[in-house]
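These notes concern the structure reproduced below.
The values are calculated or read from the model by the stated rules, or taken from the named source; none is laboratory data. Worth saying up front: this structure is predicted, and the values here are computed from it rather than measured. In this analysis, Cβ positions are derived from the backbone assuming ideal geometry, glycine residues included, and neighbour counts consider all displayed protein chains. To get the accessible areas, we keep the full protein, side chains included, count just its heavy atoms, and leave off ligands, DNA and RNA. Shrake-Rupley method; radii C 1.70, N 1.55, O 1.52, S 1.80 Å.
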Amino acid sequence: MTALWIPDQKTITSSNLQAFINRAKEVTGLPLADYQDLHQWSVEDRPGFWQLLAEFYQVNFHNKHSATLINDSMPGAQWFPDATLNYAEHLLKRTDNKTALIFRGENGSRRTLSYQALYQSVAAAQQGLIQAGIKKGDRVAAFMPNCPETIILMLATTALGAIWSSCSPDFGIQGVLDRFGQIEPKLLLAVDGYFYGGKTINCLERIDKIQQQIPSLKTTVIVPFANPKPDIRQLRNSTLWPDFCQQSNETVNFIPVEFNHPLFIMYSSGTTGVPKCIVHSHGGTLLQHLKELGLHTDLKEQDTIFYFTTCGWMMWNWLVSSLAIGATVVLFDGSPFHPEPSTLIDMAEAEEVTIFGTSAKYIAALQKAGVKPVNSHNLKHLKAILSTGSPLLHESYDYVFQEVKADVRLSSISGGTDIISCFALGCPILPVYRGELQCRGLAMDVQFVDSEGTPLLEEKGELVCQSSFPSMPVGFWDDPDGIRYHNAYFNVFEGIWAHGDYGELTRHGGVVIHGRADAVLNPGGVRIGTAEIYRQVEKVEEVVESIAVGQEWEDDTRIVLFVQLRDGILLNDELIRKISHTIRSNTTPRHVPARILQVTDIPRTISGKIVELAVREVIHNRPVKNTDALANPDALMLYKNRPELST
């Protein structure tokens, strides 16, 4: 297989990862020649790896720890058990005039904050929290766009040892209540309104209803975002952001907390029921993000990093941790295609972004829109493009290298909210191959296994992690006996993390993700990942997007493919034959759908992931447990009672 990108010697020798390899060789005395050697050592001596990483990035433990790991089991492993630290302290260690944050809104607004101004803003906001009675262990929730105030209050909150949880303002009321209602926050940070697709969306009415249904709320802080002076008289116990922040306070108080003290509460998608409240720790999050941003992404303090995300997706938390490296972080809020499909590329050029992160769906949509930055933009500063959210199509690799930039490291990354990090991701010293994630993460004992738990090579299986790691969740909120946590990840293979992804390990150490294990299609007993089908359907010019599910049929399963077509195109026999032929000629006859049907919309979560499981339930006339987790729940009606599925 021919590599699409190969790092030159200068890229390798100047990388953070090579510096870390050199340091590991000094410490261990091992002949660590390349990434594979380093990964093997990091898995075999995980305590040694994480200890060295903490030293490499000068993690500030407030008391010396006597052990790196005790009770090495899953669940139950205790990393750095007697250490104390504070996540926010590491993100605010820099206090000079270097730019920390650049905010860009879809309406053309732009703001910047230096590290000094960020520190001062956090100090002012923290005093407001203290006056509101917020202390260690309390929950602070945010119903906010991706703007500086969200980061400021997150840092002020976590510096105190209080617990942060956020979702974006495009969530419906029930979606917010399903999340924040479980964790009983004392304070809510919210926005008066936001901009999306050229429209202004008011949030105050929803905030009023949220206040009424979360009795634990004592204080609500409103950030003027859509309107400089919003009328908040109808809201109870509410104050505006400028009045909440106490500018007289100039020092941030960092409370040292236990390594495993709760930092963030994240949420599962909630498409199969009320979302799981996943609790992540100060220490595990910090170490894992330093590893992934510093070593795998090769983020340096002179870099400018952007990730297209809302603060309801874990990539927001991941992006913000870039402050611990001392880099400049670019925030964008709004539609990535307003007013033009090239909006984010325009921004990347203007802000001289060096690391550009987005979703696989965005890259595919950019290609469908005919955007060709190689001809229209000067992206000379761009050194890496990151993609996640779903498997990156083979054709998207071709598109990036042919139409975006030839000399760029394209790193598809995969992990999840469950671990607030990645199992497989990029590497600055390894080649990029079409359709592959470059490597398994350092100190992540990742394998793809069969139903007996036996590791496979170049065969499809379920993604597992066989050994503990620091960013495993502390647990689930309100799960005192840990049963729900155990059932979520350790019910398939005892003592081994089963993540629910379906993929394979390649001979040269890369990873291919074929989709979610629970969405795997099984016609005639043959397991087929949905991404294998999507990869082919994307080649058909008439198709905008597709979703494939298995329909129970005559004691077997048959594949049903729903396609959303370009405007003005109707699905006819000729197009069905074209789609079927494209799939058959590039895969196997088993991959060809038994039914191909047209729809005008495809249901997705608020973070943009298509929901095969919800569609599967609908076509079998079974209830979908939680439609409030969807951005477009009405789309499910397009799949209900389709007469074509009864023959």
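Summary table below
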{"item": "Euclidean distance between Cα centres, segment 538-567 to segment 216-286, Å", "result": "41"}
{"item": "Solvent-accessible area of Val27 with every protein chain in place, 1.4 Å probe, in Å² to the nearest 10", "result": "80"}
{"item": "Whole-number D in µm² s⁻¹ for the chain, Kirkwood Cα-pair radius fed into Stokes-Einstein, 25 °C, 0.890 mPa s", "result": "97"}
{"item": "Distance from segment 384-438 to segment 1-27 (C-alpha centre basis), Å", "result": "17"}
{"item": "At R0 = 35 Å, FRET efficiency that the Cβ-Cβ distance of Lys209 and Thr506 yields, to 0.05", "result": "0.10"}
{"item": "Length released on extending from Glu44 to Ala19, taking residue separation times 0.36 nm less the Cα-Cα span", "result": "7.0 nm"}
{"item": "Modelled label reach - Lys539, point 7 Å along Cα→Cβ, segment 380-415 residues with backbone N closer than 16 Å", "result": "393-399"}
{"item": "Considering only segment 342-473, percent of DSSP beta bridges that pair antiparallel, nearest 5", "result": "55"}
{"item": "Nearest-0.05 FRET efficiency for Ser646 and Ile173, computed from C-beta distance (R0 51 Å)", "result": "0.90"}
{"item": "Karplus-derived 3J(HN,Hα), 6.51/-1.76/1.60, for each residue of segment 482-491, Hz, glycine and proline x", "result": "x, 5, 5, 5, 4, 5, 6, 10, 10, 7"}
{"item": "Segment 500-647: C-alpha gyration tensor shape, a/c 1.5 cut-off, then a/b vs b/c", "result": "rounded"}
{"item": "Stretch gain in nm, segment Gln116-Thr239, where the contour uses 0.36 nm per residue and the Cα spacing is subtracted", "result": "41.7 nm"}
{"item": "Radius of gyration and Dmax over the Cα atoms of segment 349-495, both given in Å", "result": "18.3, 58"}
{"item": "Anisotropy class of segment 75-213 from Cα gyration tensor, a/c 1.5 cut", "result": "oblate"}
{"item": "5 angstrom amide H check on Gly161, placed H, neighbours 5+ away", "result": "Ile255"}
{"item": "Accessible area of Glu574 in the full protein assembly, 1.4 Å probe (Å², nearest 10)", "result": "130"}
{"item": "Listed peptides 74-81, 427-434, 244-251 by packing density, highest first (mean Cβ within 10 Å)", "result": "427-434, 74-81, 244-251"}
{"item": "Packing-based ranking, highest mean first, of 436-445, 483-492 given that Cβ atoms within 10 Å are counted", "result": "436-445, 483-492"}
{"item": "Gain in span if fully extended, Ala350 to Asp82, counting 0.36 nm per residue against the direct Cα distance", "result": "91.9 nm"}
{"item": "Listed pairs Lys10/Lys539; Lys361/Lys625; Lys186/Lys229; Lys64/Lys136; Lys361/Lys640 exceeding 27 Å between Cα atoms", "result": "Lys10/Lys539"}
{"item": "Accessible surface of Arg104 - all protein chains present, 1.4 Å probe, nearest 10 Å²", "result": "60"}
{"item": "Prolate/oblate/rounded label for segment 436-499 (Cα gyration tensor, a/c 1.5)", "result": "oblate"}
{"item": "Inter-label distance for Lys98 and His581, nm, one decimal - labels placed 7 Å from Cα along Cα-to-Cβ", "result": "5.7"}
{"item": "DSSP bridge pairs, the chain: antiparallel proportion in percent, nearest 5", "result": "55"}
{"item": "Nitroxide proxy distance, nm - points 7 Å out along Cα→Cβ at Arg590 and Arg566", "result": "3.4"}
{"item": "Residue order for Asp138, Asp96 - accessible surface, 1.4 angstrom probe, largest first", "result": "Asp96, Asp138"}
{"item": "Kirkwood Rh (inverse of mean 1/r, distinct Cα pairs), segment 1-53, angstrom", "result": "12.1"}
{"item": "Cβ crowding within 10 Å averaged over residues, with 327-339, 34-46 ranked highest first", "result": "327-339, 34-46"}
{"item": "Estimated [θ] at 222 nm from DSSP helical runs (n ≥ 4, -39500 (n - 2.57)) normalised by residues in the chain, nearest 500", "result": "-7500 deg cm²/dmol"}
{"item": "Carbon plus sulfur fraction of accessible area for the chain, probe 1.4 Å, in percent", "result": "47"}
{"item": "Per-residue HN-Hα couplings for segment 424-441 [Karplus 6.51, -1.76, 1.60; θ = phi - 60°; Hz; x = Gly/Pro]", "result": "9, 6, x, 7, x, 10, 10, x, 10, 10, 4, x, 10, 7, 5, 6, 7, x"}
{"item": "Placed amide H near Leu4: partners under 5 Å, 5+ positions off or other chain", "result": "Val432, Tyr433, Arg434"}
{"item": "Cross-link pairs beyond the 27 Å C-alpha cut-off, checked among Lys135/Lys291; Lys300/Lys460; Lys368/Lys405", "result": "Lys135/Lys291; Lys300/Lys460"}
{"item": "Calculated FRET value between Met637 and Ile12, using beta carbons and R₀ = 51 Å, to 0.05", "result": "0.45"}
